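Everything below concerns the one structure shown next.
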Amino acid sequence: MAKRGLTNNQVAAVLAFAAGILFLVVDWNGARIVEAFFELLVDLFGPNPAFRVLAIILISIASLGGAAVILGALLIGYNRVRGGKILVLLGTGAGIVSLVMFLVLLVRRSGGILAHEGAIPVLVGVVLSLAARLKAKPLK
């Protein structure tokens, strides 16, 4: 009997699960980044009760961190890709733009990258979760 390879969504689920475990180990969550995003929205558009309600909901999910990423991995594994990708994004709190900003800030700090060994596991987890979100595709 021939072995079948993993589907793209199964690979994405494994990547996201690994990222979630890593985030749980290093105690990372995306709440800080989501909160900063909503502060920017308030600065741009002024105080709005809808922003406040949405911020509370999204920050609550993002505070789960690794658990939200693992739940997103499970959803991706069960082909609930859109919801899984959203949970992975919120739990990580990082996308491509924030990953680039994170790398720039990490390199610009005194001592270089190796002086911030606490940031390396977070960086690996962000890259894994980003790869998972890029790999996962909804079934047609």
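Structure notes:
- Summing charges over neighbours of Asn8, with a neighbour being any other residue whose Cβ is under 10 Å away from its Cβ, gives +2 when K and R count +1 and D and E count -1.
- Proximal charge balance of Leu75 [Cβ under 11 Å; K/R count +1, D/E count -1]: +3
- Local net charge near Gly20, Cβ-Cβ under 13 Å (Lys/Arg +1, Asp/Glu -1): 0
- Going by neighbour counts of Cβ atoms within 10 Å, the residues Phe38, Phe45 line up, fewest first, as Phe45, Phe38.
- Cross-linked pairs Lys85/Lys137; Lys85/Lys135; Lys3/Lys85: Cα-Cα separations exceed 19 Å for Lys3/Lys85.
- Extension gain (nm, one decimal) between Ile21 and Arg52, 0.36 nm per residue minus Cα-Cα: 8.2 nm
- Added length on full extension, which subtracts the Cα-Cα distance from 0.36 nm per residue, Lys140 to Glu35: 34.3 nm
- By the count of neighbouring beta-carbon atoms within 10 Å, fewest first, Ser60, Ser129 end up ordered Ser60, Ser129.
FYI, it's all coordinate maths here, none of it is from the lab. In this text the structure is predicted, and so the values were computed from the model without any measurement. Counting neighbours? That spans all protein chains shown, and the Cβs are built from the backbone with ideal geometry, glycine included.
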